[in-house]
Amino acid sequence: MQVRIFPNLSRPGVGLKPRQESQRPLLPQHARHCPVLEAGSALGHLVYPPLEEHEAYYVEHRGDGRYEFKYFMRERSGNWGPVFSVTWTMPMGSIGMMREEVAFAREDPGVSEQGALRMARTFVVPEDFGTPPGAITLRGAWGFKTPEGWDTVYVPVLNMVDRPIAPMLVVRVETDWYAHQTEFRYVLQPGEGLPGSHSLPIGQAFFVPREDVELVECTSAEVEEVRKAREEFGQAKAEHTTTTRFGLEYSPHYSRESRRRREEKEEEGQGEEQGPE
């Protein structure tokens, strides 16, 4: 299946393209021996912000209906230097116009006040602030156009277990017909913020078919097959158990069996394409 991707319309071509990644930097090393965990991490594609390598941002929920976006650039010394910040203040009762304030951190920022506001909107969606309270929406560098009948599900980066973890509103969009620019809406507490950099993913997206799933209870014979399969797998797993240098026991049986089944399916597909001689 092919999924088409298109760039952030406000900043086309800037930012890393979505990609699959099965590893997570802060999981313990022995997670590499858990194929189902890595398969879960690799579900779909990581999405990155529309930032160049020398750019970064930090967006914060300041409390009392105030949200602040700070834009940074890497200096020659290698340190990050602030360029400007934008503060949005929600109206009383959350009904009415927001107040926008731009503050520059250097004498020659290289951008006007209106330019700073436009740039900030490339990375965040001010209209979503405070819906629900503490919500901050981050924009991705690339969007998705799925085949007919397929949707895109937007989730936080899976298996990122380091604290603190900001909750995110998971959405499912019919991206086969709706031109949705990739967005991730996190919900923060006052004082919490989200960083953004060129190589730091802001969320994850995967694709599902738009069809109903009916749950059907297994027959007695099928339940017996399940029981037998579990016993056979457990026995084979025990036979292939090995020990690492640090004394961790693991079995590569699941990975080997999964690989074998995929290879058999690929060979069958190639045989069907070639047809009878």
(message) Student exercise: in the chain, how many lysine pairs 8 or more apart or on different chains have Cα atoms under 25 Å apart?
(response) 5
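Just check the stretch 17-136 against the gyration tensor rule for me: Cα atoms, a ≥ b ≥ c as the square roots of the eigenvalues, rounded for a/c under 1.5, and otherwise prolate or oblate depending on whether a/b exceeds b/c.
Oblate, because a/c is 1.5 or more while a/b does not exceed b/c.
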(request) Within the stretch 174-277, list the chymotrypsin sites (Phe, Trp or Tyr not before Pro) lying in a DSSP loop whose Cβ has at most 11 other Cβ atoms in a 10 Å radius. (result) Trp177, Tyr178, Phe246
(request) Net charge near Ala229: determine it from the other residues with C-beta under 14 Å of the C-beta of Ala229, scoring Lys and Arg +1 and Asp and Glu -1. (result) -1
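Give the range of the longest stretch in the chain that excludes all trypsin sites (Lys or Arg not before Pro) found in loop regions by DSSP and having at most 13 other beta-carbon atoms within 10 Å. Provide the component values of the computation, followed by the final result.
Numbers: sites that count: Arg76, Arg106, Arg210, Arg245.
Counting at most 13 other Cβ atoms within 10 Å as exposed, the longest clean stretch of the chain is 107-209.
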(request) Compute the signed sum of charges (Lys and Arg +1, Asp and Glu -1) over the other residues within less than 15 Å, Cβ to Cβ, of Thr175. (result) -1
(request) Could you work out how far helix 113-123 tilts from the main Cα principal axis of the chain, as a 0 to 90 degree angle to the nearest 10? (result) 10
(message) I need the calculated FRET efficiency for the pair His33 and Arg172, taking r as the beta carbon distance and R₀ as 30 Å, to the nearest 0.05.
(response) 0.40
(message) For Cα pairs less than 8 Å apart in space and 6+ apart in sequence, what is the mean separation divided by the residue count of the stretch 220-268, i.e. the relative contact order in percent?
(response) 23
(request) Mind checking which of Gly65, Thr242, Met168 is farthest towards the positive end of the chain's charge dipole, using Cβ charges of +1 (Lys, Arg) and -1 (Asp, Glu) about the Cα centre? (result) Gly65
(request) Please work out which option in (1) 44, 23, 20; (2) 51, 24, 19; (3) 35, 26, 19 gives semi-axes √(5λ) of the Cα gyration tensor in Å calculated from these coordinates, and answer with its label. (result) (1)
(request) Any chance you could give the angle, 0 to 90 degrees and rounded to 10, that helix 220-239 forms with the longest Cα principal axis of the chain? (result) 80
(request) Mind running the shape call on the stretch 220-268? Use the C-alpha gyration tensor, a ≥ b ≥ c as the square roots of the eigenvalues: rounded below 1.5 for a/c, prolate if a/b tops b/c, oblate otherwise. (result) oblate
(message) Is there a quick way to get the dipole size of the chain? I mean about its Cα centre, with the Cβ of Lys and Arg at +1 and of Asp and Glu at -1; what is the value in debye to the nearest 20?
(response) 1140
(request) Just add up the charged neighbours of Trp150: K/R +1, D/E -1, any other residue whose Cβ is under 14 Å from the Cβ of Trp150. (result) -1
(request) Kindly provide the GluC sites (Glu not before Pro) of the stretch 79-118 that DSSP labels as loop, not H, G, I, E or B, and whose Cβ sees at most 14 other Cβ atoms within 10 Å. (result) Glu107
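Tell me, what is the percent relative contact order of the chain, built from C-alpha pairs under 8 Å that lie six or more residues apart?
21
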(request) Among Val208, His198, Cys218, flag the residue with its Cα farthest along the positive direction of the charge dipole of the stretch 174-232, charges on Cβ as +1 for Lys/Arg and -1 for Asp/Glu. (result) His198
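Values quoted throughout were computed directly from the atomic coordinates according to the rules given, and no laboratory measurement underlies them. Computed from a predicted structure; not experimentally measured. We place every Cβ from the backbone using ideal geometry, glycine too, and count neighbours over all the protein chains shown.
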